[in-house]
C-alpha cells in the first residue's frame, strides 16, 4: 500500500461524501447540523492538507446552497458547520461569511446555555434537552468554531474563552484512574452518568484540542495545565489501543466491537498533537498513529464508504448499551477518516507502510 493508494482512497471518500444521499441521516450532507458539520470541517481540513482548490470551491457552493437552513435558533450541534466560515472568508472575501462568524461567536459567548461550572451545555437540534450536561462532543462541534472565529476577528477574549472551555471539558470529563475521558458529566447529580469511556467522545477532544490550539496560539498563552492534561489523555489513549490498531467502541471493553471513526479521530489527534507541540516527539505516538492508519484503511470500500462506524450516540443509560449502537456509514465516519488520510498524505506517510490490500470493509 503506497502513498498513491492513500490518495486514491481519500479521493473516493470525498466523492462519496458529496453524492446525493437525500433522506439518509448519516450521509445527507445538505442539512445544517453536526453530522454534515463534521463532514464539511473534515473536507476543509482535507482540502488544506492536499491543497485542493476543487474541494474548497465545493464548500463555498455548499454554504450558498444550504445557508438558509441555518436560520433557526442556534444550538451547540448546529454551530459545527460555521467552523468552515473563517477560512472560506479568507478564500473568497465574501463579507457575509465574516459577519456570520461574528454573529454566531457572539451568541455562543453571550447567550449559549451554560452549566453551573460555566461549561457550554450540550444542546441539540432534536426536540430533547440535556440540562446541565457536559459532553465531550462540544469541543469539536462548537469550541473549534469559537477558536477559528477568534483568529479571524483578532479577538483575544474569544480565544481565552475557547481555551477555558477546553480546560473545563478536560477537567469535568476526566477519569482520574484511567487517564482518559468519560462521555459526559451531569452537573446536577455530579456524576458521569453511565461512566462510559466511549472512544468517539475521546476522539472529539483528541482531534479537537490541537485544532483549537492551532487557532488561538497567537492570541492566548496556552496554559501548562492544558499541555499536561492533553499529554496525559493521549498517553492513556495509546495504552487502550487494541492489537490490530483500532480502539473498541468503549475502549476498556476489549470484547466490544472495534470502532473506526473514534480510532481515526484519535490517530489524527496524535499527529496534530505532535505537530502543535502539545505532544513530545515519541516513537510510541508515531507507532500508534501508523498502526491505526493501516487498520482503518481496511474498512474503506471501493466505493469510498467507510465501514465500522457507530451510529449517533447520546450518553447511554449503561456501558453495555454502547455496544448495541448499530454500525453504518456516516459523514462523521467519512470525515474523521479523510482527515487522517489527508494528514498522512501531508506528512508523506509512505515509507512506514507494509504489504496488504485495502478492500471492502469487514
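For this structure, a couple of remarks:
- The residue pairs whose first member lies in region 288-315 and is in contact (Cβ under 8 Å) with a residue 40 or more places away in the chain and at positive phi, whose second member is in a helix (DSSP H, G or I) and surrounded by fewer than 24 Cβ atoms within 10 Å (Cβ to Cβ), and whose beta carbons are closer than 6 Å, counting only pairs six or more residues apart or on different chains, are 304/12; 304/15; 304/16.
- The set of residues in region 152-171 that are under 20 Å from the mean Cα position of the chain (by Cα) and surrounded by fewer than 20 Cβ atoms within 10 Å (Cβ to Cβ) comprises 164, 167, 171.
- Candidate set from region 187-223 (those that are without any contact (Cβ under 8 Å) to a residue 60 or more places away in the chain and under 25 Å from residue 149 (Cβ atoms)); member that is surrounded by the most Cβ atoms within 10 Å (Cβ to Cβ): 222
- The residue that is farthest from residue 230 (Cα to Cα), counting only those in region 113-154 that are in contact with a helix residue (DSSP H, G or I) (Cβ under 7 Å, 6 or more places away or on another chain) and part of a loop (DSSP other than H, G, I, E, B), is 125.
- Exclusive hit being under 21 Å from the mean Cα position of the chain (by Cα), over 30 Å from residue 188 (Cα atoms) and crowded, with 17+ Cβ neighbours inside 10 Å, set 97, 146, 88, 108: 88
To keep it simple, each residue is scored yes or no on (1) part of a loop (DSSP other than H, G, I, E, B); (2) under 23 Å from residue 328 (Cα atoms).
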{"position": "254", "(1), (2)": "yes, yes"}
{"position": "263", "(1), (2)": "no, yes"}
{"position": "266", "(1), (2)": "no, yes"}
{"position": "272", "(1), (2)": "no, no"}
{"position": "292", "(1), (2)": "no, yes"}
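- When region 240-265 is limited to residues that are in contact (Cβ under 8 Å) with a residue 60 or more places away in the chain and farther than 17 Å from residue 307 by Cα, the one that is surrounded by the most Cβ atoms within 10 Å (Cβ to Cβ) turns out to be 251.
No lab work stands behind these numbers, since they all come straight from the coordinates. It should be emphasised that the depicted structure is a prediction, and the values quoted were computed from it without experimental measurement. Cβ coordinates were reconstructed from backbone atoms using ideal geometry, including for glycine residues, and neighbour counts include every protein chain displayed.
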